1. Can you compute 3J(HN,Hα) from phi for each residue in segment 205-213, using the Karplus curve 6.51 cos²θ - 1.76 cosθ + 1.60 with θ = phi - 60°, rounded to whole Hz and x for Gly and Pro?
2. Can you list residues from other chains, or at least 5 along the same chain, whose modelled amide H is less than 5 Å from the amide H of Val15?
3. Based on the alpha-carbon set only, what is the convex hull volume of segment 216-266 divided per residue, in Å³?
4. If you put +1 on each Lys and Arg Cβ and -1 on each Asp and Glu Cβ, how big is the dipole of segment 198-272 around its Cα centre, in Debye rounded to 20?
5. Between Thr270 and Trp120, how many nm apart are label points set 7 Å from Cα along the C-beta direction?
6. Which is farthest toward the positive dipole end of the chain among Tyr257, Leu42, Ser175, measuring Cα position about the Cα centre, with Cβ charges +1 (Lys, Arg) and -1 (Asp, Glu)?
7. Tell me, in nm to one decimal, what length is gained between Asp103 and Glu240 on full extension, where the rule is 0.36 nm per residue of separation less the Cα-Cα distance?
8. Of Gly267, Gly110, Trp201, whose Cα points farthest to the positive end of the dipole of the chain (charges on the beta-carbon: +1 Lys, Arg; -1 Asp, Glu; origin at the Cα centre)?
Amino acid sequence: MSGELFDIENRVVVVTGGLGQLGRQFSFSLSECGAKVAIFDLAAGEKGAASPLRAGIHEGKLCVLPVDVTKRESIAAGLAQVKAMWGVPHALINAAALDSPPDAPATENGPFENYPESSWDRVLDVNLKGVFLCCQVAGAEMANAGRGSIINIGSIYGSVSPDQRIYEYRRGSGSSFFKPIAYSASKSALINLTRYLATYWAERNVRVNMLTLGGVFNNQDAEFLKEYCARVPMGRMAREDEYNGAVVFLISDASAYMTGSNLVLDGGWTAW
Ligand SMILES: NC(=O)c1ccc[n+]([C@@H]2O[C@H](COP(=O)([O-])OP(=O)(O)OC[C@H]3O[C@@H](n4cnc5c(N)ncnc54)[C@H](O)[C@@H]3O)[C@@H](O)[C@H]2O)c1
């Protein structure tokens with residue numbers, strides 16, 4: 001029973017940002033469940049970028065395409081290739097995004113008052129306009145096919161503000177570090193983009209949901225881990241494979257009556 005309920009065998013799934021830390025996880029696990037996975041990622045052309053994926057995935061069920069989600073023609077070209085191989089996708093996971101890593105230049109992680117307009121544009125272009133364009137291009141095809149599931153990947157920092165006290169230890173050691181605003185603003189906007197499209201496409205059976213995620217362990221420095229984990233009710237960051245089940249759920253018929261929702265997996269971060 002549960003096998004059938006969560007069955008995604010042969011469903012065609014486009015994963016934007018599928019070569020990133022989480023995108024790889026989504027792509028692996030979907031492929032293990034028998035889905036056909038098309039990765040749209042800017043890094044696809046980089047030497048060796050896709051080799052760890054190819055090694056683990058069943059031949060003929062994965063393709064990695066160099067798509068820039070900020071460019072409509074690029075998305076359309078990627079989609080045309082997917083359709084020619086496997087038909088109209090059943091699902092789209094919008095995971096491509098830009099965030100400022102802790103080691104970004106000081107201007108990126110400085111005070112809000114000096115946050116560069118160019119950085120704002122760059123982040124909003126990928127994180128928000130990129131999702132808008134992918135939904136427009138791929139979602140339209142799904143609506144014409146009368147079925148589909150779109151999953152927009154959000155963040156706790158789109159629901160609540162980053163807690164700047166986490167970075168006190170960095171400011172104490174002389175650097176002026178604040179988690180910047182553009183990422184938060186872009187992820188917040190996705191929450192209502194999700195609701196808008198969920199209602200817009202509901203009658204055409206394209207479901208649109210948001211997955212709000214907490215921070216993932218990625219060998220961050222010890223002081224950051226101590227500060228971050230102290231604010232998580234579960235006391236730890238997520239493992240990179242802990243979001244895969246939710247993705248399978250949202251693509252499968254187990255979530256057939258779910259649209260316009262925001263599914264939160266954050267170890268309890270937003271619960272207190
Ligand atoms: N890692 C975390 O702790 C975390 C926490 C909460 C939410 N998220 C969200 O999960 C998603 C995946 O995060 P991640 O940690 O795997 O990110 P990542 O930085 O590891 O990967 C992002 C991928 O997007 C690709 N990309 C960037 N710009 C692109 C463009 N214009 N066109 C196509 N591809 C582009 C990059 O090449 C990269 O492979 C993101 O939406 C992120 O905001 C991540």
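Throughout, read-outs are computed from the coordinates displayed, never taken from laboratory work. In this text the structure is predicted, and so the values were computed from the model without any measurement. Here Cβ is always computed from backbone atoms with ideal geometry, including for glycine, and neighbour counts include all displayed protein chains.
1. 6, 9, 8, 10, 9, 10, 10, 8, 10
2. Ala38, Ile39, Phe40, Ile93
3. On the way: hull volume 4.5 nm³, N = 51.
Hull volume over Cα atoms, normalised by residue count, gives 89 Å³.
4. On the way: 6 positive and 9 negative charges, 35 e Å.
That gives segment 198-272 a dipole magnitude of about 160 debye.
5. Distance between label points: 2.4 nm.
6. The residue sitting farthest along the positive end of the dipole is Tyr257.
7. Working: separation 137, 0.36 × 137 = 49.32 nm, distance 2.06 nm.
Difference between extended and current length: 47.3 nm.
8. Trp201
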